[in-house]
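Written out below as structure tokens is the structure these notes cover.
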Amino acid sequence: MKAMILNQYGENAAFQAAELPKPVVKAGHVLVRIAATSVNTVDTMIRQMGQDLPLSPALPAVLGMDFAGTIEAIGEGVSGFAPGDEVYGCAGGLADLQGTLAEYMLADTRLIAHKPKSLSMREAAALPLVGITAYEGLQRAGTHAGQRVLVHGGAGGVGHVAVQLAKHLGAEVYATCSGEQQARVIEGYGATPINYKNESVADYVAKHTDGKGFEIVFDSVGGANMANSFEAAALNGQVVTTVSMLELDLTPAHFKGLSVHVVFMLIPMLHNHKREEHGAILTKLAEIADAGALKPLLDDTQFALEDIGQAHARLGSGQAMGKVVVEL
């Protein structure tokens, strides 16, 4: 089968075309013909950092985590799936799991679900990693109708899904952004945009919550922005972080009695831990999408498998508006 592989890691590491053996289906797995895959920040981190990241696969490596495609064969013990079914998931591209930058991949059925009927293969391939991350974070924070939810990075990959899901759950949603284009995206989801370049945290907390703070703050930006999340949260509020690889003073969180939820959605793949929960979330996301309440935003670029290097560059440029998708 055709694949794009890495023979080395590093800032200038380049993908190379290769012919690899087609995977042989095994128990509990399905063989999927990949139709589309999307690029996530963690993919670019693996390419650049290699073995400095404990989750990076051994070389030569086939990266890529998200996919949508069609089942070609099922393994022993598989139920609920059949050849010809269209599926999607986040099921490879790290540790010892072959990724999606190939014509075929083996996928653990616990990590996949039937593709949303209302979404194209391109759209479905953009959803798994960011969708599971957003869903898990909002679920752990106990999001429900009537709450004020602030999403940092509301037009980003995880953020734009969190905005839609929070709206679906009946919350009053606000989202930070940095320009008119991002503000229009957020408004299109029925949320209130906040330009963080023009308004301080204190200003928008006073404006939108009468100074009380947001019951839930979903931080998909991370880094130094975590301090803003603590400042924006209400007393006894919930803070969700998806990017928390830093040293942080928890004093502000302590004196507000905040609960902090760290979401790292790769745990099931890395540690074979509660994988069935990802399949269940993907099934739920498909239901929400088919009800018209969730649609991933796609960058307007078009990339084929052999263009994966350009796709990584597009994501890294900061110019992409929406998920970067590669079609096979």
Interchain or sequence-distant (5+) residues whose placed amide H lies within less than 5 Å of the amide H of V324 are V39, D299
Once D290 and T41 are pulled to full extension, the length gained, defined as 0.36 nm per residue separation minus their Cα-Cα distance, is 87.0 nm
For the stretch 130-262, the charge dipole (Cβ of Lys, Arg +1; Cβ of Asp, Glu -1; about the Cα centre) points to a positive end, and the Cα of G170, A206, V221 closest to that extreme belongs to G170
Diffing the stretch 55-61: the Karplus 3J(HN,Hα) column from phi (6.51, -1.76, 1.60, θ = phi - 60°), in whole Hz with x for Gly and Pro, holds 8, 5, x, 5, 7, x, 10
Residue-ordered couplings for the stretch 213-230, obtained by feeding phi - 60° into the Karplus form 6.51 cos²θ - 1.76 cosθ + 1.60 and rounding to whole Hz (Gly and Pro as x), are x, 8, 4, 10, 10, 9, 9, 9, 9, x, x, 4, 5, 4, 5, 5, 5, 4
The alpha-carbon pair-distance distribution computed for the stretch 130-262, with 5 angstrom bins and whole-percent values, is 2, 12, 24, 26, 22, 10, 2, 0
Tilt, helix 308-317 to longest principal axis of the chain (alpha-carbon atoms), in degrees rounded to tens, equals 10
Final fewest-first order of K115, K274, K295, K284 on the 10 Å Cβ neighbour count is K274, K284, K295, K115
For the stretch 191-203, Karplus-derived ³J(HN,Hα) couplings (6.51, -1.76, 1.60; θ = phi - 60°; whole Hz; x for glycine and proline) come out as 9, 9, x, 10, 7, 5, 6, 9, 10, 6, 4, 4, 5
Answer in debye to the nearest 20: the dipole magnitude of the chain about its Cα centre, from +1 Lys/Arg and -1 Asp/Glu charges placed on Cβ, is 380
Amide H proximity to T176 below 5 Å, modelled H, separation 5+ or other chain, gives V151, H152, G153, G154, I194
Of the stretch 29-68, those with amide N under 11 Å from the point 7 Å along the Cα→Cβ vector of E19 are none
Whole-percent tail of the Cα-Cα distance distribution for the stretch 17-169, cut at 19 Å, equals 57
Subtracting the Cα-Cα distance of A95 and D249 from 0.36 nm times their residue separation yields 52.3 nm
If each part is reduced to its alpha-carbon centroid, the stretch 1-62 and the stretch 113-188 end up apart, in Å, by 27
If the label point sits 7 Å along Cα→Cβ of A227, residues of the stretch 242-261 with amide N under 14 Å come out as 247-253
Contour minus Cα-Cα span, A27 to N7, at 0.36 nm per residue, comes to 4.2 nm
So, with points 7 Å from each Cα along the Cβ direction, the L53-A280 label distance in nm works out to 2.8
Per-residue Cβ contact counts at 10 Å, fewest first, order V24, V239 as V24, V239
Taking Cα atoms, the helix 128-140 axis meets the longest principal axis of the chain at an angle in degrees (rounded to 10) of 40
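Rule-based calculations on the coordinates, nothing more; no lab input. Nothing here was measured: the structure is a model prediction, and the numbers come from that model. Here the Cβ is made from the backbone with ideal geometry for all residues, glycine too, and neighbour counts use every protein chain on show.
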